[in-house]
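Scroll down for the structure; my scribbles are underneath it.
The values are calculated or read from the model by the stated rules, or taken from the named source; none is laboratory data. Quick caveat: nothing in here was measured; it's all calculated off a predicted structure. Positions of Cβ are generated from backbone atoms using ideal geometry, with glycine treated the same way; all protein chains shown enter the neighbour counts. These area figures cover heavy atoms from the full protein model, side chains too; ligands, DNA and RNA do not enter into them. Shrake-Rupley method; radii C 1.70, N 1.55, O 1.52, S 1.80 Å.
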Amino acid sequence: MLSFTDTSMAKKIAIIGGGNLGKSIADGLLSNDFEPSHLTITRNRIELLKDYSDKNVVITQNNKKAVQSSDIIIIAVKPYKIEDILKDIASEITSDKILVSVVSDFSIQRIADHFDVQPPILRAMPNTAASVNESITCIASENASDNDIKEVTSIFDALGEVILIDEHLMDAATVLGACGIAYVLRFIRAMIQGGIEIGFDAKTATKIATQTVKGASELLLKGGNHPEAEIDKVTTPKGCTITGLNEMEHNGFSSALIKGIKTSLDKIS
Ligand SMILES: NC(=O)c1ccc[n+]([C@@H]2O[C@H](COP(=O)([O-])OP(=O)(O)OC[C@H]3O[C@@H](n4cnc5c(N)ncnc54)[C@H](OP(=O)(O)O)[C@@H]3O)[C@@H](O)[C@H]2O)c1
């Protein structure tokens, strides 16, 4: 469970862009007893935020007002919208506010360039597993104090795990963590297809594949072993596991994944 720092519990938070990620962040905060009236969410179609206004969260289309009344501002709009948002809210930004952007491929410097004053600016890169509180969120900052970082970390702790990284690794974090969800899902889909071919119905194959992926992750997370050490445990000499695994490698299994990760990074950078 999230343990907010005492100060962040008292702070007011604005989420500019109450879409998929913005709502996941809001859900994380609310499920950890964040005071709803201290939270403001903005989007154009505010009728889609009725569930939140019902809970006493402040809902508005007015980004300036949201910034005025908040201490921590989380920007969660699509990348092509962030310039307009920053221009809109610039006049309301003071040095005592904390700015957090979850927008990919938009640097802290580019955000700072929009303001006359310099508030602490952080970038956070969660993934879609934030909606089930199982995200890995990479957070970077250049000018935030330890306390600012603690405040922001406590928000994203509610969505899963948090690690601090240098900003120069933010694109790599986007690929490995955020795009990574898609790579793993495609892997699971392939496993399901293989499972169906060897005899299971889709539902059963999905259950076996998803729980197996979860179990493999837990072995590493809880056991702390290298993946190959766990593979050694299940590969009997001349057995079916090593034979199948080697066939996958002959067809470029690891290589395809590594090349895909590098290609995704080339596309962002
Ligand atoms: N989804 C993820 O897990 C994830 C992970 C890492 C990073 N990100 C980044 O997070 C950002 C948001 O992604 P998303 O998937 O949540 O997108 P999304 O569902 O499209 O949400 C974007 C939200 O921004 C709102 N918006 C647009 N113009 C606005 C304005 N002028 N003022 C206030 N709100 C405005 C939209 O509201 P209307 O629809 O009402 O216009 C929409 O609710 C992106 O930059 C993405 O790269 C997402």
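Structure notes:
- Longest DSSP-loop-exposure-free segment, trypsin sites (Lys or Arg not before Pro), the chain, at most 15 other Cβ within 10 Å: 56-237
- Sulfur and carbon atoms: percent of accessible area, the stretch 67-195 [1.4 Å]: 52
- Exposed GluC sites (Glu not before Pro) absent: longest stretch of the chain, with sites in DSSP loops and at most 15 other Cβ within 10 Å deemed exposed: 1-133
- Extension gain, Val117 back to Asp105 (0.36 nm per residue minus Cα-Cα distance, nm): 2.1 nm
- DSSP bridge pairs, the chain: antiparallel proportion in percent, nearest 5: 15
- Net length gained if the chain between Lys233 and Leu245 were fully extended (0.36 nm per residue, minus Cα distance): 3.0 nm
- Point-to-point label distance, Asn44-Arg186, nm (Cα→Cβ direction, 7 Å offset): 3.1
- Computed over the stretch 204-262, the Cα gyration tensor eigenvalues convert (square root of 5λ each) into semi-axes of 19, 17, 15 Å, ordered from largest to smallest.
- Mean separation of Cα contacts under 8 Å (6+ apart) over length of the chain, as relative contact order %: 14
- Nearest 10 degrees, 0 to 90: helix 180-197 Cα axis against the chain principal axis: 30
- In the chain, helical runs assigned H by DSSP with n ≥ 4 each contribute -39500 (n - 2.57); averaged across all residues and rounded to the nearest 500, the mean residue ellipticity at 222 nm is -14500 deg cm²/dmol.
- Accessible surface ranking that places the most exposed of Cys240, Cys179, Cys138 first, with a 1.4 angstrom probe: Cys240, Cys179, Cys138
- Taking the square roots of 5 times each eigenvalue of the Cα gyration tensor of the stretch 6-165, largest first, gives ellipsoid semi-axes of 20, 19, 15 Å.
- By the rule of a C-alpha distance below 25 Å, with chain neighbours fewer than 8 residues away ignored, the lysines paired with Lys50 are Lys11, Lys12, Lys23, Lys64, Lys65, Lys78, Lys81.
- Accessible-area order (highest first, 1.4 angstrom probe) of the listed residues Leu257, Leu220: Leu257, Leu220
- With Cα atoms, 0 to 90° folded angle of helix 240-250 axis to the chain main axis: 70
- Helix 146-157 axis, angle to the chain major axis (alpha carbon atoms, nearest 10°): 60
- Here the calculated FRET efficiency for Glu197 and Leu219, from their Cβ-Cβ distance with R0 = 22 Å, stands at 0.25, rounded to the nearest 0.05.
- If you count Lys pairs in the stretch 118-237 whose Cα atoms are under 27 Å apart, skipping same-chain pairs closer than 8 places in sequence, the total is 7.
- Rolling a 1.4 Å probe across the protein heavy atoms gives the stretch 18-89 an accessible surface of 50 Å² per residue.
- Note on the stretch 83-232: the alpha carbon radius of gyration divided by the globular reference 2.2 N^0.38 Å gives 1.33.
- Other residues within the sphere of radius under 11 Å centred on the Cβ of Ala66, judged by their own Cβ, net out at +2 (K and R +1, D and E -1).
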